[in-house]
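Peer 1: Sharing a structure with you now.
The values are calculated or read from the model by the stated rules, or taken from the named source; none is laboratory data. Just so you know, these numbers come straight off a predicted model, no measurement behind them. Don't worry about glycine lacking a Cβ; one is built from the backbone with ideal geometry, like all the others, and counts go over all protein chains shown.
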Amino acid sequence: MSLHYKTAGAGAGRTAAFTKGINGMPTTIKFGKQFTRSPFKATRKHMRIASESTAFLPDVLQACFRNDRKALEESRQAVSELAADSGDLLRELQLQLPDASGIPLERRDLFHMLEMQEGIVKRMQEITTLLLDMPMDVPKDMHKPLVRLVERCVVATEVAYEIVKSVEKVVEAGFKGAQVEAARQLVQDVMAIETEADAISSDITRLLFAECREMDPVAVVFLYQLVGWIDDLANFSGKLAIRSQLLLVR
């Protein structure tokens, strides 16, 4: 079943989790404003870079189908530049993140979110490098499901970016109000998209194994890796969503 993120459903059972602060007690303190240098702006920028990198993926896939090496090289260069910016910003954030003592946001959860964001950029860099360095003929019957997988993974990272933006709003709202429900909905949406992407990935893998006897064994190996790496983009987004929820219930 196709899922579009703005219309995804959400379970009501997790709403309460977003409305609690430290030790499960309600809070109205605007903790984000206690920071001398809030990490949220840079964290948001970091995730925007991750989302921008995955936006190249549909064109990268079509270039792979056409065996257009020039287009692949251009995409790899663009993604590599984004990866460099992402790495610089990550190092800045690692110095900027506040100590966990005295605040309701666990340092380890913030770091884990950043790791997932950085993982998205690095995986995109690996995908573009793989397709350029290891040209492969993708069986025609795999084109459509691969396009669908890519579309779902790109949407997953877009929604993950919305989650990162919502974290700041929820913290500043004191873990209550309309921002809480919006954040909860986004988490549910990403988890549903990740599930759908995993199912599409499994379908593609079955197609690949069904045709592997007629294909170059090396191509089979790298095509299998490609499918897994694309699916990782949705998986990273899903882990980021889970961690953001854990962060907000501290």
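Peer 1: Is segment 112-130 home to any residue that is touching a helix residue (DSSP H, G or I) at 6+ places or on another chain (Cβ under 8 Å), modelled with pLDDT under 95 and surrounded by 22 or more Cβ atoms within 10 Å (Cβ to Cβ)?
Peer 2: yes
Let's see how each residue does on (1) at pLDDT below 95; (2) of a type in the set (A, V, I, L, M, F, W, C); (3) crowded, with 23+ Cβ neighbours inside 10 Å; (4) within 20 Å of residue 79 (Cα to Cα):
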site	(1), (2), (3), (4)
98	yes, no, no, no
133	yes, no, no, yes
144	no, no, no, no
154	no, yes, no, yes
157	no, no, yes, yes
167	yes, yes, yes, no
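Peer 1: Would you point out which residue out of 51, 2 is out of contact with any strand residue (DSSP E or B) (no Cβ under 8 Å at 6 or more places or on another chain) and at pLDDT 95 or above?
Peer 2: The conditions single out 51.
Peer 1: Report yes if some residue within segment 170-179 is under 17 Å from the mean Cα position of the chain (by Cα) and polar (S, T, N, Q); otherwise report no.
Peer 2: There is no residue in segment 170-179 that is under 17 Å from the mean Cα position of the chain (by Cα) and polar (S, T, N, Q).
Peer 1: Which residue pairs have Cβ atoms under 7 Å apart, sit 6 or more places apart or on different chains, and have a first residue in segment 201-221 that is under 19 Å from residue 150 (Cβ atoms) and a second that is charged (D, E, K, R) and surrounded by 16 or more Cβ atoms within 10 Å (Cβ to Cβ)?
Peer 2: 201/231
Peer 1: So, one more: Can you name the residue in segment 195-232 that is of a type in the set (Val, Ile, Thr) and surrounded by 15 or more Cβ atoms within 10 Å (Cβ to Cβ) and is also nearest to residue 55 (Cα to Cα) among such residues?
Peer 2: Checked segment 195-232; the qualifying residue nearest to residue 55 (Cα to Cα) is 230.
Peer 1: Kindly list the number of the only condition in (1) buried (at least 18 other Cβ atoms within 10 Å of the Cβ); (2) aromatic (Phe, Trp, Tyr); (3) under 14 Å from residue 243 (Cα atoms) that fails for residue 175.
Peer 2: It fails just one condition, (3).
Peer 1: Something else now. State which residue pairs qualify: first residue surrounded by 22 or more Cβ atoms within 10 Å (Cβ to Cβ) and inside segment 233-244, second residue small (Gly, Ala, Ser) and part of a helix (DSSP H, G or I) in any location, beta carbons under 7 Å apart, and separation of 6 or more residues or different chains.
Peer 2: 233/156; 234/156; 234/197; 236/119; 237/156; 237/160; 240/160; 241/160
Peer 1: Another question, if that's okay. Residues in segment 212-233: is at least one modelled with pLDDT of 90 or more, over 22 Å from residue 132 (Cβ atoms), of a type outside the set (Asp, Glu) and out of contact with any Gly (no Cβ under 8 Å at 6 or more places or on another chain)?
Peer 2: Looking for residues that are modelled with pLDDT of 90 or more, over 22 Å from residue 132 (Cβ atoms), of a type outside the set (Asp, Glu) and out of contact with any Gly (no Cβ under 8 Å at 6 or more places or on another chain), one finds none in segment 212-233, hence no.
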